[in-house]
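The values are calculated or read from the model by the stated rules, or taken from the named source; none is laboratory data. If you're wondering where the values come from, they're calculated on a predicted model, not measured in any experiment. Ideal geometry is used to build each Cβ from the backbone, glycine not excepted, and the neighbour counts take in all protein chains shown.
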């Protein structure tokens, strides 16, 4: 009962914090804050990151269920203290392949193709509870990093995922996500996202 009350309090806190972020966004539109716009934007970003973390706290993983490793990686990317190189060298859990597939709502085979990991190897690693090597982990990190960039550009999680999964003329009719198996492909995706952010092509 105490836990239930605590969870409700946390959920209310998330709602209150989200409302404050909305108020801050409205204030940014006011002409009198233009001189300190950079300062206000930095504060707003901090508040948004805090709300994201509070949502995780307010919605804990039920007993017996495992947290989505890909979602956890995205949360870590949002933190300024995340050491990507160290995490990649250490290797991400092999379960992150299936978790990434669940996060994007696509077959695991599609994520394995991006990571370039054979199905049999993926199953063996997951069964043993092993970690991916640095090369495979870097490709997973690249997928999360580009998704994080898309979220910033589109300002909405669902829109970011939809854009990455949709066929795009800029990539010859292929989906942007399928170009993330190589760094040059990822660079091309980032360039298109930059163009969208600055009012260019979609």
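What the table below lists for this structure:
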| quantity | calculated |
| --- | --- |
| Yes/no for residue 98 being in a helix (DSSP H, G or I), under 17 Å from the mean Cα position of the chain (by Cα), over 18 Å from residue 77 (Cβ atoms) and modelled with pLDDT under 95 | yes |
| The listed residue being without any contact (Cβ under 8 Å) to a residue 24 or more places away in the chain, assigned to a helix (DSSP H, G or I), out of contact with any strand residue (DSSP E or B) (no Cβ under 6 Å at 6 or more places or on another chain) and surrounded by 12 or more Cβ atoms within 10 Å (Cβ to Cβ), out of 151, 89 | 151 |
| Residue selected from segment 122-131 under the condition touching a helix residue (DSSP H, G or I) at 6+ places or on another chain (Cβ under 9 Å) and assigned to a helix (DSSP H, G or I), by the criterion nearest to residue 175 (Cα to Cα) | 122 |
| Candidates 110, 190, filtered to the one that is more than 25 Å from residue 83 (Cα to Cα) and in a helix (DSSP H, G or I) | 110 |
